[in-house]
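Working notes, structure below.
Please treat every number below as a calculation from the coordinates, not as lab data. Bear in mind that the values here come from a model prediction, so they are computed numbers and not experimental data. A quick note on method: Cβ atoms are made from the backbone with ideal geometry, for glycine too, and the neighbour counts reach across all protein chains shown.
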Amino acid sequence: MKHFIKYNAIGVMNTAITLATFWILHEVLDWSPELSNFLGFVAGGLNSYIMNRIWNFKSTNKKRSEIIRFIIVFLCSYLVNLAVLKGCIYLLENASWCADFTGFVSQFMKPATFANLIANVVYVLVSFTLYKKWVFTDRREIKDERREVSG
């Protein structure tokens, strides 16, 4: 539970970085939602790796293999995020049953920005699970468990 609380504290920071980057690039500079989303995730992802390695999981794993696993999880989680983003944007812009809600949201932000918020929730759930179970797991414990099972 301690890791999940710390992960969420780091996540708040990452989300702020990601959403601020998205907001500036998409709302202010009118860049595409896809590019704005990707660059926001890169900025948040860098912060995520550093803070999770040092503060949350206090990892002592080899950096090279851990970074490779981190990038794989980041990309997989991002692809899930992108699919949710694209799906939400499509629904908000095209589904007749969403028209009233889209009109309401449009008073405050572009529909793609709201879709980005939804996609970020999905990203947090997917990435936490994969980071905890695969990236920042103590590799020595896994080796010890394998020895116990085979021995």
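Within the stretch 80-113, how many residues turn out to be within 21 Å of SER36 (Cβ to Cβ) and loosely packed, with under 12 Cβ neighbours inside 10 Å? Break it down into steps so the answer makes sense when it comes.
First pass over the stretch 80-113, keeping only residues within 21 Å of SER36 (Cβ to Cβ): 80-94, 102, 105-113.
Filter once more, keeping what is loosely packed, with under 12 Cβ neighbours inside 10 Å: 94, 107-108.
The total comes to 3.
For LEU25, are the conditions met, namely being surrounded by fewer than 15 Cβ atoms within 10 Å (Cβ to Cβ) and either out of contact with any strand residue (DSSP E or B) (no Cβ under 9 Å at 6 or more places or on another chain) or under 22 Å from LEU75 (Cβ atoms) (or both)? Even if it seems obvious, please write down each step before you answer.
Values: surrounded by fewer than 15 Cβ atoms within 10 Å (Cβ to Cβ): no; either out of contact with any strand residue (DSSP E or B) (no Cβ under 9 Å at 6 or more places or on another chain) or under 22 Å from LEU75 (Cβ atoms) (or both): yes.
When the stated conditions are applied, LEU25 does not pass them.
Kindly indicate whether PHE57 is under 16 Å from LYS132 (Cα atoms) and crowded, with 17+ Cβ neighbours inside 10 Å. Considered against the rule, which asks whether it is under 16 Å from LYS132 (Cα atoms) and crowded, with 17+ Cβ neighbours inside 10 Å, PHE57 comes out as yes. Hey, can you tell me all the residues within the stretch 37-64 that are touching a residue at least 60 places away in the same chain (Cβ under 8 Å) and farther than 19 Å from VAL126 by Cα? Those that are touching a residue at least 60 places away in the same chain (Cβ under 8 Å) and farther than 19 Å from VAL126 by Cα: SER59, THR60, ASN61, LYS62.
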